[in-house]
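Peer 1: Here it is, the structure, as C-alpha cells.
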Amino acid sequence: MLIRLKGGRVIDPAHDRDEIDDVWMQDGRIVARPPRGTEPDAVHDVSGKIVMAGGIDIHSHVAGGNVTLSRLLLPELHEGTEAPPEGQPFGTARWSSYETGRLYARMGFTTVVEPAVAPSQALQAHLELADLPILDKATLSVLGNDEVLLGLMRDKTGRDAIADYVGLVVAKSRAIGVKCINAGGSAAFKENARTFGLDDVIPSYGLSSRQIFKALQQAVVDLRIRHPLHLHCNNLGVAGAIETLTETIEAADGLPLHLAHVQFYAYGSEGKRGFSSGAQQLIRALNLNPNVTVDVGQVMFGQTVTISSDSLRQYSAHALASPNKWIVWDGEGNGGGIVPFHYKASNVINALQWAIGLEIFLSAHDPWQVFFTTDHPNGAPFTTYPKILHLLMDRDERARYIAGLPKAAMALSALPSITREFTLQEVAIMTRAAPARLLGLTDRGHLSPGSIADVSVYTDTADRTAMFERAALVFKDGNLVVRDGEVTEYRFGRAETVEPGFDKAIVRTVDGRLGDLYGTDTRQFTVPAGAIGRDEPFRVHPCRS
Amino acid sequence: MSVRIDGEAASFEDAVERAAAVLSAGRAPVVAGLGTDIAGVRAALKLAEHLRAAVGHRSAPALSRDLAVLSETGLVFATPTEAGRRADTVLLVGDLAARAGWLAGVFGRDGAPARTVVSLGASAKAAAAMATEGAPLSLAVTGLAVRDMLLALKARVGGRPVDEKRLGRTGLRDLDKAAKALAAAKYGVVVWDAADLDGLAVEAAAGLGRDLNAATRYAAVPFPGDDNAAGAVLACAWTTGFPPPLGFPGGIATHDPWRFDVDRMVAAGEADAALWISALTPAAPAWTEAPPTVALVAAGTRFASPPAVVIEVRRPDRTVDAVLHDARTNTLTPVAAPRGKAAADALPTVAAVIEAIHLRLSGKDGAPC
C-alpha cells in the first residue's frame, strides 16, 4: 500500500531537512517520491502540520521485575476509571503494559527502551514488552553486581573472558546493550555497606566501582555493541554528587559512555541547605568530553514511584517513601527497590531538582549529547513529556512555573536567567535522530527512503503541551495506528536486539560458575523466541563492523 | 476420555461450543483455579475481560495474605538462590515454613555459610535439618500462637517491652536469646508460608525482617505458592495492573480481594458460571454447590459430579514447552518438554482451548490479540 503524507513541514534533522514536502510510505518503509502519475492508495493532507519520525525513548522503566513490583506495591495509585475501546483489551487498565503502549503511541512515540533488565528476569521483561502494543522495544541487560562478572574479575580471567561473558548475556537475554547500575554497590549492600562511591571496594571481592564499570565499558567496546555502556553512577540523589559525576566522566578516558538521568547527580553542596545546582559544572565536563552522552531524568511535580535496581540507594531512600511503604530486594545481581515519592512544588529541594533538569537541557551546547528522559517513572511519568517539551520551547511557560516556586530554590539555579527556547529541530534531534544514533538503530529516527515507516504528525500550535499530548496521526511500520490522539488499532512491534560475537567456550565457564553459586546455568538468562507467544518477536541489528 | 459434555464423551468442537454457551450465559462468571502456564494465564485474562468475569487462583487465601502485606507495608526480600548462598541465620515462621523439597532446594547447597536456625512453630526435625551451626533455637510458649510469639520477638528485636506474665520468665529469656541470635547475623532470612499464618503474622514476619536491616542485612523468603501462583500474579499484574483476585466490572480491571474471591462468590451463589483451570495438578474445584462449570484439567482429574464441560489439557512443562515461575530464582523461566512426549500428546493446551472458546464467543477470525 502506497501512502502519501501531503504538504507537511517535514523536520528530519538527521538529514538537515526542514521544508514543506511530502513523505511517502510503502510496505512498512519510507520510500522516495514515486514517478509522476503514480497514484497512492491513501493520501493524508497534512498541510500546516509537523511531520517527524516516530519518537524514541532511550530510558523508561516500562517492563520487568521491578516495574511489576511497583504495580503490586501501589494498587491504590492506579485504579481504573474507564473501559477500553472495542478491540483494545486492557488498553485503559492503568499501569498495564497495554496502557503503556497506548499512551506512548498517542504522543507519537514508536520505540521505547527498558533500560534495566536483570538477566535472570529477561524472559519476564520480554513477555511484558510483548504485551506492550504499537511500539518496538529494546532492553539493556544489567551487569556489574553479578557474581559471575565479579568472580571473573577477581580471578583475573582477563579482558577477553569478560567480553565473552558480556556478549553471551546480551545475546541470550535478547538485549540491545549493557546497563551498569551503581557498579558493585548492590554487591556491597549485601555485605551491609550503606554507601558506595566510585573508589569504594566490595569487601569480599576487593574490586572498586571504577574497576567494574571500566571493565564493562571496555567489554562493550570490544564486542562492537553500538550503544555505549549505559551507566547509572554511584551516589544518586546525594548532595555533592556532581563530584562523583564529573569524576566518572573523566574516568571514561575518551571511550564512549552514556550516563543515565544525570539530573539526579547534578547536585552541589552549597547554600544553607547544602544543596545547590551542579548543572554548569556538568555542562563544562560534557563540553570537554564529547565521548560522553547523558540523559536528563527531568523531575515534574506530583505523585510518582521510584523504581531502581540500585538497591543500596533505594534502601537509603526508604525514609522518604510517600505513601510510607517500600520494597527492597536482593537477587543474583543488582536486586532493586521500589520507593513511592511525591515531588512537591512547595518543597525547596524538589523545586530545585526540577530547575536543575531544565538548566541542563537549556545549557547544553549539543542537543546530540543530551537526551530527553524523565527516567520514567522516577523523575515523572512519561505522560509528562508534552509539558516538559512545552517548558523547553517556551520561556513564558517556564516563567509561569518559576513564579509559583520557592524563591530560595530558584536563587540556587541559573534557570530563571536562561532565555533559550528549543526549536522543533532541536526537539526532533533529542527525541528522534539522536536516540536512534545512540542506540545504533540505523533504520529509524529519520525519514530517508528505506527507513521503517514510523512517522508522527503533529498539529503546530503555540500550546506545545496540547501539540505533543495528542499526535494528529501516527504510523507504525506504515500502518495508521493513531488518529487525533487516539489509538485506532493494536499492532505489536518487536524487540530490537544485537547478537555480539563471543567465544562459545565461555558458556561452559559460566554454566560452571552459576552451578557452583546457585545450582543454575545459562538457561537462567536465556530467552527462547518460542516462549514469547508472538510471531517473530525479535529483530537483530548489526554490531559495529 | 479427554473431552466430555455432561459426563458423556464428546468432540472438541462440540465441547468448545457448549463451553462458550455456558460461560456466556453467566451474568457473574468466574475464572478459577488458574493453575496453568503464562500462555494459559494470558489467554484466560483476555477471555475474562471479554466475559467481565472474576479471576482467582486456587492458592488465593495464602496468596492474598502475602500480597496484602506487600501492598500495605512493602517488603524486604531475597531470591531463594541469593538467600541460600548468603544466609548464616534462618528464622522459620510456622509449621509449613520448613516444607521439604522447597527448602532443600534453597539451602541445601555446598559452600553456603554455616547456619543458625531459630524456629517459631516449625517442626523440630525440619529445623534441625536446616541448622549447621549449633542446635536450632525453638521458641514455644504454651498458650501462645505463632503470631503472638512473632509479635513479641519483633518487640524485643526493637528493644520494646513485652508482657512478661504471659511469656513467663523462661519464655522471655528464650525470646531475648533468639532476638540476640537474629541480630548477630551477617545476612539473615525470614522464611514463611502464608498458608498456615494469618495476615497479622505475615505482616509481623515481614516487619521483623525489615526492622533487622537497620543494623545488618535481612530478607524475607516467603513460599511462592503452588500451581504457578506467583507466575499468575506476575502475568495478571502486567496485563491488568493488578494481581488476582480481580474482576472487570463495567469493563474496568479492578482489584478487590473480597469481592472477587471466587470461592466466596461460588459459596454465596453469586457466581453463575465457572471456568476452572488446573493443568499442573489433576485437581477439581472443592465447591459443594458448583455453578455450571467448564473444566480445563490435567488428565486423570476426578470430579464428584460431572461438570457441564470437561476438556483435558496438556500438562505445561511435561508435554508442551511452557513458561512457569521458578521458585528458586523467583522469576519466570522457560521449561522445555521432552520432544518425544510433546509429539505423542494429542491433548490441546490451556491457551489453545481458551482461544477457541474466545473465538467462538467473539465470532471474529483469528486469535484475539
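Peer 1: Name every residue in the stretch B:304-320 that is of a type in the set (A, V, I, L, M) and either at pLDDT 95 or above or crowded, with 22+ Cβ neighbours inside 10 Å (or both), in order of residue number.
Peer 2: Across the stretch B:304-320, the qualifying residues are B:Ala308, B:Val309, B:Val310, B:Ile311, B:Val313, B:Val320.
Peer 1: Would you say A:Gly445 is away from chain B (no Cβ under 14 Å) and either crowded, with 17+ Cβ neighbours inside 10 Å or under 24 Å from A:Gln369 (Cα atoms) (or both)? Quick ask: steps written out before the conclusion?
Peer 2: Working: away from chain B (no Cβ under 14 Å): yes; either crowded, with 17+ Cβ neighbours inside 10 Å or under 24 Å from A:Gln369 (Cα atoms) (or both): yes.
Considered against the rule, which asks whether it is away from chain B (no Cβ under 14 Å) and either crowded, with 17+ Cβ neighbours inside 10 Å or under 24 Å from A:Gln369 (Cα atoms) (or both), A:Gly445 comes out as yes.
Peer 1: Another question, then. Taking B:Gly94 as the residue in question, decide whether it is on the phi > 0 side of the Ramachandran plot, buried (at least 24 other Cβ atoms within 10 Å of the Cβ), touching a Leu at 6+ places or on another chain (Cβ under 8 Å) and modelled with pLDDT of 90 or more. Please lay out each step first, then the result.
Peer 2: Working: on the phi > 0 side of the Ramachandran plot: yes; buried (at least 24 other Cβ atoms within 10 Å of the Cβ): yes; touching a Leu at 6+ places or on another chain (Cβ under 8 Å): yes; modelled with pLDDT of 90 or more: yes.
Answer is yes for this residue.
Peer 1: Is it the case that some residue within the stretch B:361-368 is crowded, with 20+ Cβ neighbours inside 10 Å, small (Gly, Ala, Ser), in contact (Cβ under 8 Å) with a residue 60 or more places away in the chain and more than 13 Å from B:Ile38 (Cα to Cα)?
Peer 2: There is no residue in the stretch B:361-368 that is crowded, with 20+ Cβ neighbours inside 10 Å, small (Gly, Ala, Ser), in contact (Cβ under 8 Å) with a residue 60 or more places away in the chain and more than 13 Å from B:Ile38 (Cα to Cα).
Peer 1: How many of the residues making up the stretch A:304-332 are touching a strand residue (DSSP E or B) at 6+ places or on another chain (Cβ under 8 Å) and either facing chain B (nearest Cβ under 9 Å) or modelled with pLDDT under 95 (or both)?
Peer 2: Total satisfying the criteria: 10.
Results for (1) over 26 Å from A:Leu412 (Cα atoms); (2) in contact with a Ser or Thr (Cβ under 6 Å, 6 or more places away or on another chain); (3) among the aromatic types (Phe, Trp, Tyr), shown as yes or no for each residue.
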{"site": "A:Thr293", "(1), (2), (3)": "no, no, no"}
{"site": "A:Gly297", "(1), (2), (3)": "no, yes, no"}
{"site": "A:Phe301", "(1), (2), (3)": "no, no, yes"}
{"site": "A:Lys325", "(1), (2), (3)": "yes, yes, no"}
{"site": "A:Asp330", "(1), (2), (3)": "yes, no, no"}
{"site": "A:Ser363", "(1), (2), (3)": "no, no, no"}
{"site": "A:Gln369", "(1), (2), (3)": "no, yes, no"}
{"site": "A:Lys387", "(1), (2), (3)": "no, yes, no"}
{"site": "A:His390", "(1), (2), (3)": "no, yes, no"}
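Peer 1: Anything in the stretch B:313-351 that is assigned to a loop (DSSP other than H, G, I, E, B), among the hydrophobic types (A, V, I, L, M, F, W, C) and in contact with a strand residue (DSSP E or B) (Cβ under 9 Å, 6 or more places away or on another chain)? List them, or say none.
Peer 2: Those that are assigned to a loop (DSSP other than H, G, I, E, B), among the hydrophobic types (A, V, I, L, M, F, W, C) and in contact with a strand residue (DSSP E or B) (Cβ under 9 Å, 6 or more places away or on another chain): B:Ala336, B:Ala337, B:Leu347.
Peer 1: Could you tell me whether the stretch A:284-295 includes any residue that is over 29 Å from A:Glu76 (Cα atoms), more than 20 Å from the chain's Cα centre (by Cα), at pLDDT 95 or above and hydrophobic (A, V, I, L, M, F, W, C)?
Peer 2: Yes: the stretch A:284-295 contains one or more residues that are over 29 Å from A:Glu76 (Cα atoms), more than 20 Å from the chain's Cα centre (by Cα), at pLDDT 95 or above and hydrophobic (A, V, I, L, M, F, W, C).
Peer 1: Being within 30 Å of A:Ser204 (Cα to Cα), within 14 Å of chain A (Cβ to nearest Cβ) and outside any helix (DSSP H, G or I), is that true of even one residue in the stretch B:190-198?
Peer 2: Start the filter on the stretch B:190-198 by keeping residues that are within 30 Å of A:Ser204 (Cα to Cα), which leaves B:190-192.
With within 14 Å of chain A (Cβ to nearest Cβ) added as a condition, the list becomes B:190.
Retained after the next criterion (residues that are outside any helix (DSSP H, G or I)): B:190.
Yes; the residues of the stretch B:190-198 include at least one that is within 30 Å of A:Ser204 (Cα to Cα), within 14 Å of chain A (Cβ to nearest Cβ) and outside any helix (DSSP H, G or I).
Peer 1: When you look at A:Ser120, is it at the interface with chain B (Cβ under 9 Å from one of its Cβ atoms) and touching a Gly at 6+ places or on another chain (Cβ under 6 Å), yes or no?
Peer 2: no
Peer 1: For the subset of the stretch A:169-193 comprising residues that are touching a residue at least 60 places away in the same chain (Cβ under 8 Å) and over 26 Å from A:Ala505 (Cα atoms), which member is surrounded by the fewest Cβ atoms within 10 Å (Cβ to Cβ)?
Peer 2: Among them, the one singled out is A:Ala193.
Peer 1: Restricting attention to the stretch A:496-527, which residues are among the aromatic types (Phe, Trp, Tyr) and within 14 Å of chain B (Cβ to nearest Cβ)? Reasoning before the result, please.
Peer 2: Quick first cut of the stretch A:496-527, residues among the aromatic types (Phe, Trp, Tyr) only: A:502, A:518, A:525.
Answer for the stretch A:496-527, where residues must be among the aromatic types (Phe, Trp, Tyr) and within 14 Å of chain B (Cβ to nearest Cβ): A:Tyr518, A:Phe525.
Peer 1: Here are the criteria: (1) over 30 Å from B:Val189 (Cβ atoms); (2) touching a strand residue (DSSP E or B) at 6+ places or on another chain (Cβ under 8 Å). Tell me which single one A:Ala215 does not satisfy.
Peer 2: Status for A:Ala215: all satisfied but (2).
Peer 1: If you go through the stretch B:209-247, how many residues are within 8 Å of another protein chain (Cβ to nearest Cβ), of a type in the set (A, V, I, L, M, F, W, C) and within 11 Å of B:Leu45 (Cβ to Cβ)? Can you show your working first?
Peer 2: We begin by selecting, within the stretch B:209-247, every residue within 8 Å of another protein chain (Cβ to nearest Cβ); these are B:213, B:216-217, B:219, B:233-235, B:237-243.
Subset that is of a type in the set (A, V, I, L, M, F, W, C): B:219, B:233-235, B:237-238, B:242.
Narrowing further to those that are within 11 Å of B:Leu45 (Cβ to Cβ): B:235, B:237-238, B:242.
Counting residues in the stretch B:209-247 that are within 8 Å of another protein chain (Cβ to nearest Cβ), of a type in the set (A, V, I, L, M, F, W, C) and within 11 Å of B:Leu45 (Cβ to Cβ) gives 4.
Peer 1: Right, another one. Looking at (1) at negative phi; (2) over 31 Å from the mean Cα position of the chain (by Cα), find the lone condition where A:His61 falls short.
Peer 2: (2)
Peer 1: From the list B:Thr281, B:Thr301, which one is hydroxyl-bearing (Ser, Thr, Tyr), farther than 22 Å from B:Glu13 by Cα, surrounded by fewer than 21 Cβ atoms within 10 Å (Cβ to Cβ) and away from chain A (no Cβ under 14 Å)?
Peer 2: Just a single option satisfies the conditions, and that option is B:Thr281.
Peer 1: Another question about this same structure. Just to be sure I understand, how many residues within the stretch B:102-113 are within 16 Å of B:Ala230 (Cβ to Cβ) and either outside any helix (DSSP H, G or I) or of a type outside the set (Val, Ile, Thr) (or both)? Lay out the reasoning, then the answer.
Peer 2: Narrowing the stretch B:102-113 to residues within 16 Å of B:Ala230 (Cβ to Cβ): B:102, B:105-106.
Those still in the list that are either outside any helix (DSSP H, G or I) or of a type outside the set (Val, Ile, Thr) (or both) too: B:102, B:105.
Number satisfying all stated conditions: 2.
Peer 1: Of the numbered conditions (1) assigned to a helix (DSSP H, G or I); (2) farther than 23 Å from B:Leu197 by Cβ; (3) of a type in the set (Gly, Ala, Ser), B:Ala215 satisfies every one except a single condition; which is it?
Peer 2: Result: B:Ala215 fails condition (1) only.
Peer 1: Would you please name the residue that is surrounded by the most Cβ atoms within 10 Å (Cβ to Cβ), looking only at residues in the stretch B:102-126 that are within 14 Å of chain A (Cβ to nearest Cβ) and either at positive phi or among the aliphatic types (A, V, I, L, M) (or both)?
Peer 2: Checking each candidate, the answer is B:Val106.
Peer 1: Then there's this: Does the stretch B:284-296 hold any residues that are surrounded by 19 or more Cβ atoms within 10 Å (Cβ to Cβ) and without any contact (Cβ under 8 Å) to a residue 40 or more places away in the chain, and which are they?
Peer 2: B:Ala284, B:Ala290, B:Ala295
Peer 1: Give the residues of the stretch A:369-396 that are free of Cβ contacts under 8 Å to residues at least 40 places away in the same chain and in contact with a helix residue (DSSP H, G or I) (Cβ under 7 Å, 6 or more places away or on another chain), sorted by residue number.
Peer 2: Residues of the stretch A:369-396 free of Cβ contacts under 8 Å to residues at least 40 places away in the same chain: A:391-392, A:395-396.
Listed by number, the residues that qualify are A:Leu391, A:Leu392.
Peer 1: How about the stretch A:461-498: which of its residues are acidic (Asp, Glu) and in contact with a helix residue (DSSP H, G or I) (Cβ under 9 Å, 6 or more places away or on another chain)?
Peer 2: Within the stretch A:461-498, A:Asp463, A:Glu469, A:Glu486, A:Glu496 meet the criteria.
Peer 1: Mind checking which residues of the stretch A:491-539 are touching an Asp or Glu at 6+ places or on another chain (Cβ under 6 Å), outside any helix (DSSP H, G or I) and hydrophobic (A, V, I, L, M, F, W, C)?
Peer 2: A:Phe502 - this is the single residue of the stretch A:491-539 that is touching an Asp or Glu at 6+ places or on another chain (Cβ under 6 Å), outside any helix (DSSP H, G or I) and hydrophobic (A, V, I, L, M, F, W, C).
The values are calculated or read from the model by the stated rules, or taken from the named source; none is laboratory data. From a predicted model like this one, the values you see are computed outputs, not experimental measurements. Note that each Cβ is placed from the backbone with ideal geometry, even for glycine, and that neighbours are counted across all protein chains shown.
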